[in-house]
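Just below is one structure, and these are the notes that go with it.
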Amino acid sequence: MNTATTEPRLVADLKSRIDTGMASGELLSDGQLRKQINVFANNFGPPVLAGLDGEALLLRMHGRADPQARCMAYWLEFMNDDQFDTFRFGSIAGGSAFKFGLFQRKEDGAWVTGSPGGVRTLTVAEAAEMARRQRDELLVGLEVINGIASEASDDAYLQLQENMEKAAPALSGDGWAHKYWFLINPDKLDDYHSPAYQRFHLFKLLQLPPDGTGIWHAKGRFACAGRFVALAKKLDVPVPSLTRVLNQRSPYHRYWRVGTSSGSTGESFWHEMRDGGFVSLGWKELSDLSEILALSRGEAKEAIRDRLAPRYVDKPGIATRKAGEILNLASEISEGDIVLACDGLKVRGVGRVTGPYEYEERLNFPHKRPVEWLNLDEWQMPEAEGLRTTVFNLGSKPKNLLELETRLLNGGTPRQHSAAVAVPTVTSATTLPRLDAITARIEGVLRRKGQVILYGPPGTGKTHHALTATRELAARQAFRKPFKDLSNTERRQIEGDSGLVRICTFHPGYGYEDFVEGLRPVAPDGQMLFEPRDGHFKRLCEAARANPEKSFFLVVDEINRGDVPRIFGELLTILELNKRDLQVILPVTGAAFSVPPNVYLIGTMNTADRSISMLDAALRRRFGFIELMPDSSVLRDQKAGSLPLGPWLDALNARLRSNLKRDARNLQVGHAYLMARQPLTSIAEFSRVLRDDIIPLLEEYCYDDFQMLGDILGKALVDAEVGRIRDELFSPGSEESLVEALSYEEMQPLVMAKEAAGTSDDTDDLAADADDAGDDDAAA
């Protein structure tokens, strides 16, 4: 039996996420998943493939020229209908159709094999023979998999890996074949069809892979399967539900080691990186690489190598290698990737990359990426990896990743040194706590675009997050302190009509004259005159121009309710960060005007009123967008009386999505409805919110269709025949009847059953179980 244990806190977290997913309908039951798997098996199972040969077998497995013929390869990669959703069972997307060994070209129906760089056309007979060999390996592989016990040990799965390589030498390393074997035998394999993804999630579970490999250079797809099968059994869920939750909990990312000190002088730039909230590299003579990054990777690497050539006249190989490492920092590292700031084997800090490449000329190491520091404990990597390399993709030494993930789970020293400061970057000795996740995302978009729109259904906290983020960023930039630590005098400089953070609301009557400038009537001495008056945005820009050392923020609430092209006018041209030095002539006063670089706009947009696709295209191009959706996690474990708020909200939104269909995702109910400053605690409070806020919203969504409203809220609460809400359930003393009406079986299949049984979420019994020394800019 598999003896690997999972950290109790992780088990508890996974169990909570699974319960929420089941209650909301996001996770399918074992029966629902089996039904879909059976549909696949009925079309492509062993008896079907064994009964075919020649061109019939070829077309069943790989035929794609006929768009109506859905071959097995199509089902494995793309099929998504009411009967079979292939994305529920792990993705094999990416790459080209050559990954299947052969495929039928849609344009001319020809059969081809090889690679994108070496295409070989096959006759029908040759293609049929290849399909036959693949079919035979698929069937032999299934026999091998059938021979493993349902609760096998690590050693048994390691042996399975070896046996599969012998039985199916051509297919045992292919993701599509692994997916086929999983769909036919889902109780013995996992549905991670990439070895890197398997091992990534094992490290996130604080487990070393049984074959002793890291993320890279992994041996195969079968050695780790038993770990996921065993954990799914422990949590009593199908493997696809477990992996779906694992993916949501820990989206895949890479790990990078970045040096912090000069390779020749030993000078450390760590404190500059730590306090500034970034990692960076030297090679100042390269200047800004932004234009180069628009090229293909090969062209960009060649261009950087050419700029480095004068430094490495006698070492052209080093110039090429360093160009690749610089490009790794500038473009290969993705937002969300984890970076380890290192000095030799010593890890100085661990952070998450939050934004794109930036060039800051005043720095000694000017090529940088913004980072949110997660852990600032110093520790030694257990194994040497990537030493004497400036930027290195970690993953070959498993003990390093295990140590890292253990430290991230356990936390570290207070993150008082982290300073993901507002745009423009401020380097200061003052230390700051890290930003919350949404504020960090807003800051990242502002760095890149200068303006951002927060959008989502009603009640998702868009205005709250816009104001919270702008106040925090302004406070850090102006006073080097979090907003909560400001004095009353300092807060007055942040807020108000003349502060660093200002707010306006767009509406159908709001115009250019309110936002930029216009003529307003005045009557001195009783004579009516019209004089120019500056609008909200122009006044902010004049204040920002007079105080270039400070950042100014304008929150535009309900930005989609105004006629945006008319309100912004010619300013749409000069909003972009790279056009802030351009001037336009304002039509009313004839004055030259530009938008200062220290001005930032944050809009909010309710998608129940209007989707992003309806916005003016010019506006969409100039703004970044951050979606805020209902987040039941902020209500986790909170109850109004005996009603669990988080699961109830998830179930309500699941019913909304199911019944409203078109644009239903934008018509959900946000978590803010169930919160004042804190989650609601009494059923009386909840009753008022449901009656006065949520039900009127749902009535609008349903266009007074009480049959649909009853399907969403329940027949016990809605009298569809008469067309009314059962108001008596909201009268004083009827609280328990209201809870009972809201707890009908279809709405809360999991949570309410647990509540009725008096069970808890206790998990104790679950838990039991290249060397460049001497290079000044090649940081060590």
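List of remarks:
- Matching option when the condition is in contact with a Gly (Cβ under 8 Å, 6 or more places away or on another chain) and of a type in the set (A, V, I, L, M), among VAL258, VAL279: VAL279
- Residue among LEU281, LEU289 that alone is in contact with a strand residue (DSSP E or B) (Cβ under 9 Å, 6 or more places away or on another chain) and either surrounded by fewer than 16 Cβ atoms within 10 Å (Cβ to Cβ) or more than 21 Å from TYR255 (Cα to Cα) (or both): LEU289
- For region 289-311, the set of residues classified as in a loop (DSSP other than H, G, I, E, B) and either in contact with a Ser or Thr (Cβ under 9 Å, 6 or more places away or on another chain) or basic (Lys, Arg) (or both) consists of LEU289, ARG311, listed by residue number.
- MET79, sole failed condition from (1) touching a helix residue (DSSP H, G or I) at 6+ places or on another chain (Cβ under 6 Å); (2) over 23 Å from LYS35 (Cβ atoms): (2)
- Some residue of region 457-468 being of a type in the set (Val, Ile, Thr), part of a loop (DSSP other than H, G, I, E, B) and either farther than 14 Å from ASP557 by Cβ or assigned by TED's automatic domain parsing to the domain that holds LEU577 (or both): yes
- Test: residue in region 537-557 that is farther than 23 Å from GLY603 by Cα and hydroxyl-bearing (Ser, Thr, Tyr): no
- When region 675-692 is limited to residues that are touching a Phe, Trp or Tyr at 6+ places or on another chain (Cβ under 7 Å) and of a type in the set (A, V, I, L, M, F, W, C), the one that is surrounded by the fewest Cβ atoms within 10 Å (Cβ to Cβ) turns out to be VAL689.
- Every condition in (1) within 33 Å of the chain's Cα centre (by Cα); (2) surrounded by 15 or more Cβ atoms within 10 Å (Cβ to Cβ) holds for ASP81 except the one numbered (2).
- Of residues in region 504-533 being in contact with a His (Cβ under 9 Å, 6 or more places away or on another chain) and not in a helix (DSSP H, G or I), the one nearest to ILE559 (Cα to Cα): CYS504
- Within region 561-579, residues that are over 15 Å from ALA592 (Cα atoms) reach partners that are of a type in the set (D, E, K, R) and part of a loop (DSSP other than H, G, I, E, B) with beta carbons closer than 7 Å, at six or more positions or on different chains, in the pairs ARG561/ASP609; VAL564/ASP616; PRO565/ASP616.
- Listed by first and then second residue, the pairs with beta-carbon distance under 6 Å, at least 6 apart or on different chains, first residue in region 697-721 and assigned to a helix (DSSP H, G or I), second acidic (Asp, Glu), form an empty list.
- Residue identified as of a type in the set (Gly, Ala, Ser), buried (at least 19 other Cβ atoms within 10 Å of the Cβ) and in contact with a helix residue (DSSP H, G or I) (Cβ under 9 Å, 6 or more places away or on another chain) among GLY535, GLY511: GLY535
- If you go through region 1-50 and keep only what is in a loop (DSSP other than H, G, I, E, B) and either within 30 Å of ALA131 (Cβ to Cβ) or at pLDDT 95 or above (or both), you end up with just GLY45.
- The residue that is nearest to ILE626 (Cα to Cα), among those in region 425-437 that are at pLDDT 50 or above and crowded, with 19+ Cβ neighbours inside 10 Å, is LEU435.
- Residue within region 537-550 that is in a loop (DSSP other than H, G, I, E, B) and small (Gly, Ala, Ser) present: no
- SER731 falls short of the stated requirement of being out of contact with any His (no Cβ under 7 Å at 6 or more places or on another chain), modelled with pLDDT of 80 or more, surrounded by 14 or more Cβ atoms within 10 Å (Cβ to Cβ) and more than 30 Å from LEU28 (Cβ to Cβ).
- Per this entry, ILE215 is not counted among residues that are of a type in the set (Val, Ile, Thr) and within 30 Å of GLU360 (Cα to Cα).
- Condition check for ILE683: at pLDDT 50 or above and in contact with a strand residue (DSSP E or B) (Cβ under 7 Å, 6 or more places away or on another chain): yes
- Among all positions in region 744-753, there is at least one residue which is at pLDDT below 85, surrounded by 15 or more Cβ atoms within 10 Å (Cβ to Cβ) and part of a helix (DSSP H, G or I).
Residues are listed down the side, and each one gets a yes or a no for (1) over 28 Å from ALA12 (Cβ atoms); (2) buried (at least 20 other Cβ atoms within 10 Å of the Cβ):
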residue	(1), (2)
LYS188	no, yes
ASP191	no, yes
TRP216	yes, no
LEU231	no, yes
PRO240	no, yes
THR243	no, yes
SER250	no, no
GLY259	yes, yes
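- Members of region 233-263 found to be among the hydrophobic types (A, V, I, L, M, F, W, C) and more than 18 Å from PHE203 (Cα to Cα), listed by number: LEU235, VAL237, VAL258
- ASN163 of a type in the set (S, T, N, Q), touching a Gly at 6+ places or on another chain (Cβ under 9 Å) and assigned by TED's automatic domain parsing to the domain that holds MET130: yes
- For beta carbons closer than 9 Å, sequence separation of 6+ or different chains, a first residue in region 169-183 that is at positive phi and crowded, with 24+ Cβ neighbours inside 10 Å and a second that is assigned to a loop (DSSP other than H, G, I, E, B) and not aromatic (Phe, Trp, Tyr), there are no qualifying pairs.
- Tally, over region 353-403, of residues that are aromatic (Phe, Trp, Tyr) and assigned to a loop (DSSP other than H, G, I, E, B): 2
- Number of the exception - GLY317 against (1) at pLDDT below 85; (2) in a loop (DSSP other than H, G, I, E, B): (2)
- Of the criteria (1) surrounded by fewer than 18 Cβ atoms within 10 Å (Cβ to Cβ); (2) in contact with a helix residue (DSSP H, G or I) (Cβ under 9 Å, 6 or more places away or on another chain); (3) at pLDDT 90 or above, which one ARG502 fails: (1)
Residue-by-condition table, conditions (1) within 27 Å of the chain's Cα centre (by Cα); (2) closer than 30 Å to GLU383 by Cα; (3) in the same structural domain as GLY386 (by TED's automatic domain parsing):
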{"position": "SER150", "(1), (2), (3)": "no, no, no"}
{"position": "GLN159", "(1), (2), (3)": "no, yes, no"}
{"position": "HIS178", "(1), (2), (3)": "yes, no, no"}
{"position": "ASN185", "(1), (2), (3)": "no, no, no"}
{"position": "HIS193", "(1), (2), (3)": "yes, yes, no"}
{"position": "ARG199", "(1), (2), (3)": "yes, yes, no"}
{"position": "LYS204", "(1), (2), (3)": "yes, yes, no"}
{"position": "LEU208", "(1), (2), (3)": "yes, yes, no"}
{"position": "ASP211", "(1), (2), (3)": "no, yes, no"}
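The values are calculated or read from the model by the stated rules, or taken from the named source; none is laboratory data. Computed from a predicted structure; not experimentally measured. So basically every Cβ, Gly included, is an ideal-geometry build from the backbone, and we count neighbours across all protein chains shown.
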